[in-house]
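Here's the structure, in structure tokens; my notes come after.
The values are calculated or read from the model by the stated rules, or taken from the named source; none is laboratory data. Being a predicted model, the structure only gives us computed values, none of them experimental. Quick reminder, even Gly has a Cβ in these numbers, built from the backbone with ideal geometry, and neighbours come from all protein chains shown. Accessible surface is based on the protein model in full, side chains and every heavy atom, while ligands, DNA and RNA are left aside. Shrake-Rupley method; radii C 1.70, N 1.55, O 1.52, S 1.80 Å.
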Amino acid sequence: MSCFSQNNYMRFNLSGQGGSGFGLETMCVDNTTTSDINRETKGLRIFRLFCYSIVFIVGTCGNSLVVWLVVKRRLKARYNYFLANLAVADLAVVMINLPFRLAYQENDYQWPFGYVLCKIIPPLTFTFTTASSAFLMAVSLERYRAVVHPLRSKVTRLQLKLAVIFIWVLSFSVTLPLNTFMTTASQLGKTVCTDTWPSTMFEQLYFSLLFVIQFAFPIVIMLMVYMKIIAKMHNNQLRSCNHRASVHIRRRNKRVIRMLLVVVLAYFICVMPYSTYLVVSVFGIESPISVKKFLVLLALANSMVNPLLYGALNRQFRIGYMDAISGIRRSCLGGKRDPTLSSIFKPVPDDNHAHNNRKKKYVVRVIMQ
């Protein structure tokens with residue numbers, strides 16, 4: 001359904017029905033949709049609040065831990081710097097988007113935060129989403145350089161910083177049109193946060209381009225890059241000798257690529273449905289409110305999934321998590337301080353059996369505690 005007011009195409013955000021960001025959706029405010037929203041049962045409301053609480057807690061703790069491990073533990077692999085910025089973007093989603101969304105829903109879809117925050121909060125969700133996809137693409141390109149062209153000069157720290165700055169600047173830039181057209185308005189006696197566009201065509205063009213920049217282009221690039229990486233690793237395995245160092249490098253690369261592929265797959269599964277709906281909704285194709293709310297929740301859940309995947313598929317992150325949790329428990333409960341795992345994040349040959357045995361004993365001790 002389309003809503004027109006004074007010949008302007010108006011879409012009311014944060015209302016539970018579609019559009020201007022992950023969780024900052026749009027709705028044509030009329031009697032039908034208002035009654036549909038009020039039909040939410042108490043059980044469904046409790047389940048929704050429970051899901052958002054889980055996403056908030058796991059996303060906040062997990063992404064904070066990822067940033068801490070990369071910064072404090074000095075995980076020096078180049079792709080880890082991009083993963084840390086990806087964690088920052090996910091952390092911003094769960095700490096900024098979720099609270100405002102829930103506050104708006106629980107306030108009967110009235111916007112109590114004023115004109116300034118109305119122009120800031122909805123565009124920020126697009127900023128963080130664009131940054132997430134861009135950093136995932138940057139990780140794939142860095143792995144491509146490391147695996148397919150290992151003899152080329154390594155990316156310097158300055159180049160990494162410039163790439164990170166460029167991605168954040170680009171992410172903020174693509175949301176400038178939305179900043180311009182966000183405003184507060186009064187509808188049915190309620191103050192809502194809405195994006196008012198000069199024309200329907202302008203809105204459709206913007207969200208179509210946003211879909212390409214945020215989702216379609218990064219997914220295509222990552223798919224092509226990882227296919228080339230896998231082909232290169234397969235050819236190297238067929239030609240390489242059984243040298244211990246060569247076997248170690250191949251195994252390490254396989255573990256890293258497997259983790260990154262799963263992260264990209266999770267991003268595709270969580271984000272693709274809502275990104276697709278966001279585009280088709282501006283062309284007048286509507287869906288039931290319950291479906292829209294599920295798509296929003298699924299997209300938000302991606303912000304908590306990545307830290308879990310790192311721990312499940314990457315040994316350094318997994319042991320780093322256990323080490324951090326053990327340190328927090330010691331700080332809270334007191335007790336003797338166990339040896340740290342600083343050396344676990346440094347390259348150690350597989351034939352260093354003494355070091356590997358110490359790691360195994362430490363992990364077992366942490367688990368038993």
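Things worth noting here:
- Index of the failed condition, residue 174 passing every other in (1) under 17 Å from residue 83 (Cβ atoms); (2) among the aliphatic types (A, V, I, L, M); (3) modelled with pLDDT of 90 or more; (4) open to solvent by less than 50 Å² (accessible area, probe 1.4 Å): (1)
Table: residues versus (1) outside any loop (DSSP other than H, G, I, E, B); (2) at pLDDT 75 or above; (3) open to solvent by less than 30 Å² (accessible area, probe 1.4 Å); (4) among the β-branched types (Val, Ile, Thr).
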| site | (1), (2), (3), (4) |
| --- | --- |
| 287 | no, no, no, no |
| 291 | yes, yes, no, yes |
| 297 | yes, yes, no, no |
| 300 | yes, yes, yes, no |
| 306 | yes, yes, yes, no |
| 321 | yes, yes, no, no |
| 329 | yes, yes, no, no |
| 344 | yes, no, yes, yes |
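- Matching residues in region 81-109 - criterion: being charged (D, E, K, R) and not in a helix (DSSP H, G or I): 108
- Within region 276-285, the residues that satisfy the criterion of being closer than 25 Å to residue 264 by Cβ and open to solvent by 40 Å² or more (accessible area, probe 1.4 Å) are 276, 280.
- Unique residue being closer than 20 Å to residue 253 by Cα and open to solvent by less than 20 Å² (accessible area, probe 1.4 Å) when the list is 192, 225: 225
- Residue match in region 128-150 (condition: farther than 19 Å from residue 296 by Cα and not in a helix (DSSP H, G or I)): yes
- Qualifying residue in region 252-270 (condition: farther than 25 Å from residue 216 by Cα and either touching a Gly at 6+ places or on another chain (Cβ under 9 Å) or free of Cβ contacts under 8 Å to residues at least 12 places away in the same chain (or both)): yes
- Meets criteria (within 24 Å of residue 180 (Cα to Cα) and open to solvent by less than 30 Å² (accessible area, probe 1.4 Å)) for residue 140: no
- For residue 39, the stated conditions hold: it is assigned to a loop (DSSP other than H, G, I, E, B) and either farther than 17 Å from residue 321 by Cβ or at pLDDT below 65 (or both).
- The one condition in (1) closer than 30 Å to residue 256 by Cβ; (2) open to solvent by 40 Å² or more (accessible area, probe 1.4 Å); (3) among the aliphatic types (A, V, I, L, M) that residue 116 fails to fulfil: (1)
- Taken together, 16, 59 contain a single residue that is crowded, with 19+ Cβ neighbours inside 10 Å, at pLDDT 85 or above and not hydrophobic (A, V, I, L, M, F, W, C), which is 59.
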